[in-house]
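The values are calculated or read from the model by the stated rules, or taken from the named source; none is laboratory data. Nothing here was measured: the structure is a model prediction, and the numbers come from that model. Neighbour counts run over all protein chains shown; Cβ positions are idealised from the backbone, glycine included. Accessible surface is based on the protein model in full, side chains and every heavy atom, while ligands, DNA and RNA are left aside. Shrake-Rupley method; radii C 1.70, N 1.55, O 1.52, S 1.80 Å.
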Amino acid sequence: MNPPSLVIPSRIDAPRAERHLLANGTPLYVISSDDFEVLRFTLVFRAGTSLQRHPFSASATANMLSEGSRDMTARQIAERLDFYGSYFEVNIDRDYVDISFSSLSK
């Protein structure tokens with residue numbers, strides 16, 4: 001059995017991100033689409049494993065976000081996310097940690 005032939009497209013049509021600057025100087029990039037009923041936003045921090053002082057501290061810190069806070073228990077956070085039909089995921093990389101939230105736009 002032969003693998004399928006490789007096809008390299010001559011061009012890729014992708015929407016261009018709009019760049020906005022927040023009041024605190026943080027850049028915000030937005031790609032809008034009326035075709036989907038899902039809203040997703042991702043927060044990216046320069047805080048990966050290359051910057052940690054102790055083994056696993058970057059992943060432990062990022063993964064503790066769902067375990068509660070000063071104002072909300074883990075259950076309250078989960079219930080609030082469920083109410084909006086949303087979820088979040090955390091990815092830890094060597095140089096960055098990103099936290100993505102997805103929710104129904106309605």
Carbon plus sulfur, as percent of the 1.4 Å-probe accessible area of segment 12-53, comes to 54
Rounded to whole Å², per residue accessible area for the chain with a 1.4 Å probe reads 90
Here FRET efficiency (C-beta to C-beta, residue 75 to residue 45, R₀ 25 Å, nearest 0.05) is 0.45
Per DSSP, the loop-located GluC sites (Glu not before Pro) within segment 4-106 having at most 11 other beta carbons within 10 Å are 37
Here, trypsin sites (Lys or Arg not before Pro) of segment 4-52 satisfying both criteria (DSSP loop; at most 10 other Cβ within 10 Å) are 11, 16, 46
Note on the chain: C-alpha Rg/Rh, Kirkwood Rh, two decimals, gives 1.08
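Extension gain residue 82-residue 8, at 0.36 nm per residue separation less the Cα-Cα distance, in nm?
This chain segment gains 22.5 nm when fully extended.
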In the chain, taking the dipole from +1 charges on Lys and Arg beta carbons and -1 charges on Asp and Glu beta carbons about the Cα centre, the listed residue (81, 105, 58) farthest towards the positive end is 58
To the nearest 20 debye, the chain has a Cα-centred charge dipole, built from +1 on Lys and Arg Cβ and -1 on Asp and Glu Cβ, of 320
Rounded to one decimal in nm, the spacing of the 7 Å Cα→Cβ label points at residue 22 and residue 100 is 1.9
Heads up, segment 4-55 by the C-alpha gyration tensor (a ≥ b ≥ c square roots of eigenvalues; a/c under 1.5 rounded, else a/b over b/c prolate, else oblate) looks oblate
With the charge dipole of the chain built from beta-carbon charges (+1 for Lys and Arg, -1 for Asp and Glu) about the Cα centre, the Cα from 41, 69, 31 projecting farthest to the positive end belongs to 69
